[in-house]
Amino acid sequence: MSSSNVSLLPMLPSEDDQTSKLIRKSKESPFVPIGIAGFTSVVAYGLYKLKTRGNKKMSVHLIHMRVAAQGCVVGAMTIGVLWSMYKEYVVKPREQKIALLQK
């Protein structure tokens, strides 16, 4: 066999690439990180309240926490879609109209 400088393992991307990609994606759709934060908050609150749930069954407590966490994520996604539709169908045509009037 010949020795070469080619690595058999793929190069992992550096952290700067992942960080810049995360920042770029967050700027494109800012409601996704908000949904993730809401989900994390509900899960943390649910874990905190797990011991003080009182007479409520564990399964009922977990179902309520799951529904609340999903509600945060779905709500953030819905707001994000509405925001992108607003930018696409209201703001963009308005800017195009203003650009045509200035010519």
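Observations on the model:
- Single condition GLY80 does not satisfy, out of (1) modelled with pLDDT of 90 or more; (2) open to solvent by less than 60 Å² (accessible area, probe 1.4 Å): (1)
- Residues that are more than 22 Å from THR78 (Cβ to Cβ) and open to solvent by 80 Å² or more (accessible area, probe 1.4 Å) within the stretch 33-52 comprise LEU47, TYR48, LYS51, THR52, listed in sequence order.
- Any hit, the stretch 25-32, residues being at pLDDT below 90, of a type outside the set (A, V, I, L, M, F, W, C), open to solvent by less than 70 Å² (accessible area, probe 1.4 Å) and touching a Lys or Arg at 6+ places or on another chain (Cβ under 7 Å): no
The values are calculated or read from the model by the stated rules, or taken from the named source; none is laboratory data. Quick caveat: nothing in here was measured; it's all calculated off a predicted structure. Methodologically, a virtual Cβ is constructed for each residue, glycine included, from the backbone with ideal geometry; neighbour enumeration extends over all protein chains shown. To get the accessible areas, we keep the full protein, side chains included, count just its heavy atoms, and leave off ligands, DNA and RNA. Shrake-Rupley method; radii C 1.70, N 1.55, O 1.52, S 1.80 Å.
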